[in-house]
Amino acid sequence: MVSWEEAEENICKTKNFLKSNLLLSPYRQVDPIKCNDCIFRYLAILIVSGRIRVNKISNKNNSLWLSQKIESDCANKKMHGAKWHDSTISVINNYFVSKGYVSEKEPNLYFGKADLAILDLPIYIEVGTINIYKLLINLVNMKNCTIIVVPSDDSVLEFLL
């Protein structure tokens with residue numbers, strides 16, 4: 001059993017990890033919890049307690065999806081606009097479809113929608129910015145699945161439920 005100090009240190013480290021690796025959506029008009037720090041702490045407690053697991057997967061040159069980024073004005077830029085978002089979803093979708101998996105665009109989650117789902121696995125994928133409240137509610141309520149958050153071309157966060 002860990003001491004209170006060790007538990008609190010682990011929660012703080014995990015909270016800082018999440019803060020530095022998630023790209024938050026600026027839109028929060030209907031979220032009942034307006035405190036990002038509170039939500040990050042709740043997520044950190046879920047991770048530290050073992051209720052959910054998180055892995056950061058770093059990749060270079062889009063090697064994770066075994067594809068070169070779609071040739072466009074998005075190439076070699078770190079964009080987070082509509083073109084980057086759509087082309088990244090397309091690359092990820094093509095990766096899974098080429099492996100024989102069935103995908104669905106904009107599937108329903110427990111709360112809200114994801115950008116993409118790989119139904120056979122089951123994996124739900126969010127590309128770009130994410131609503132932190134929506135992520136929390138889905139991590140607390142969904143079971144036996146993986147939520148992948150793709151904040152940039154350089155890394156992904158894999159939440160295992």
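Overview of values
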read-out	value
Subset tally (residues that are assigned to a helix (DSSP H, G or I) and under 18 Å from Gln29 (Cβ atoms)) for the range 124-143	6
The range 1-21 - residue that is more than 24 Å from the chain's Cα centre (by Cα) and not charged (D, E, K, R) and, of those, nearest to Ser49 (Cα to Cα)	Ala7
The range 5-45: number of residues that are in contact with a strand residue (DSSP E or B) (Cβ under 9 Å, 6 or more places away or on another chain) and within 13 Å of Leu135 (Cβ to Cβ)	8
Tabulated pairs, the range 89-107, first loosely packed, with under 15 Cβ neighbours inside 10 Å, second assigned to a loop (DSSP other than H, G, I, E, B) and of a type in the set (S, T, N, Q), C-beta under 9 angstrom, 6+ apart or interchain	Ser98/Ser67
Criterion violated by Trp84 - all others in (1) buried (at least 18 other Cβ atoms within 10 Å of the Cβ); (2) modelled with pLDDT of 95 or more; (3) more than 30 Å from Val48 (Cβ to Cβ) satisfied	(2)
Of residues in the range 16-27 being surrounded by 12 or more Cβ atoms within 10 Å (Cβ to Cβ) and not charged (D, E, K, R), the one modelled with the lowest pLDDT	Ser25
Candidates Asn16, Asn59, Asn55, filtered to the one that is free of Cβ contacts under 8 Å to residues at least 60 places away in the same chain and not acidic (Asp, Glu)	Asn16
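Quick grid of which residues meet (1) of a type outside the set (A, V, I, L, M, F, W, C); (2) modelled with pLDDT of 95 or more:
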{"residue": "Trp4", "(1), (2)": "no, no"}
{"residue": "Thr14", "(1), (2)": "yes, yes"}
{"residue": "Gln29", "(1), (2)": "yes, no"}
{"residue": "Ile52", "(1), (2)": "no, yes"}
{"residue": "Lys78", "(1), (2)": "yes, no"}
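The values are calculated or read from the model by the stated rules, or taken from the named source; none is laboratory data. These figures come from a predicted structure and were not determined experimentally. We place every Cβ from the backbone using ideal geometry, glycine too, and count neighbours over all the protein chains shown.
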